[in-house]
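What follows is one structure encoded as structure tokens, with my remarks underneath.
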Amino acid sequence: MAIKKMRDEIRNDPEERRRFLTEARTVATLHHPNIADIYSIVEDSGDVYLVFEYVDGKTACDFLDESGPLALPDAKRVMKEACAAVDYAHAQGIIHRDLKPSNIMLASNGGVKVMDFGVARQAAEAINKAAQTNTIVGTPPYMAPEQEQGTVRRESDIFALGVCFYELVSGKLPFAGQGAGMLLNKMNGKHIPLSGVAAGLPAGTDEVVAKALDPDPEKRYRTAGDFAAALQSLPG
């Protein structure tokens, strides 16, 4: 098992605590082979602990740091399983909001587990409230442009999955710049073509990625499963 303690920013705010517990209980209803289960929610002396399934392995982020980009077949397999997890969660009305390689576990048994559904949002919102900032929840390089502007929808997760695939096969991020500069590139659809930073990819790869990263959420894949199917259709 793995245990995470609720942040003090939430513990000390009754409304944030209530919201955190509500969402944690909702996320705890998710049971899928590619999602790390929440086994229980324990309240003790005012503190709240989430008891998670322990996944033996390493995050995709750690793998990239240690071993470099994945071969295309391996990246496609990881994305197929991650997309299955996201599809399932979306069907239950839950949006992840913070998909990134550090939230994708590559288990030692060969499986893939997506971590931290929903719970990260409550923690981050409470921190932002305590600091009296307007920071949007998420990790900027993986956030869709509409999410950076305060609107989150299922297609925002599709965008993040597109960034994850791009990074898995190249070790790089698709959008240049930082802060407002990166957001402007996202809004204008100006990402660096994947074929320009990863050699030997089959024809059509750039188009598959570009659809996932489209600045207009209506033009992205409708579901994570659709994105996975497009990736699986690529040779290799």
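Assorted remarks:
- Applying 1/(1 + (r/R0)^6) with r as the Cβ-Cβ distance of Arg77 and Val42 and R0 = 30 angstrom yields a FRET efficiency of 0.30.
- Cross-link partners of Lys186 among lysines (Cα-Cα below 22 Å; sequence separation of 8 or more within a chain): Lys100, Lys172, Lys211, Lys219
- Peptide packing for 91-99, 26-34 was compared via the average number of neighbouring C-beta atoms within 10 Å per residue; ordered from the highest value, the list is 91-99, 26-34.
- Each Lys or Arg adds one and each Asp or Glu subtracts one; over the other residues with Cβ under 15 Å from the Cβ of Ser233, this totals +1.
- Rg and Dmax of the range 1-69, Cα atoms only, in Å: 14.9, 45
- Space enclosed by the convex hull of the alpha-carbon atoms of the chain, per residue, Å³: 121
- Candidates Leu106, Ile158, Thr139 compared by Cα position along the dipole of the chain: farthest toward the positive end lies Ile158, with charges placed on Cβ.
FYI, it's all coordinate maths here, none of it is from the lab. Small disclaimer: the values here were computed from a predicted structure and weren't measured. Quick reminder, even Gly has a Cβ in these numbers, built from the backbone with ideal geometry, and neighbours come from all protein chains shown.
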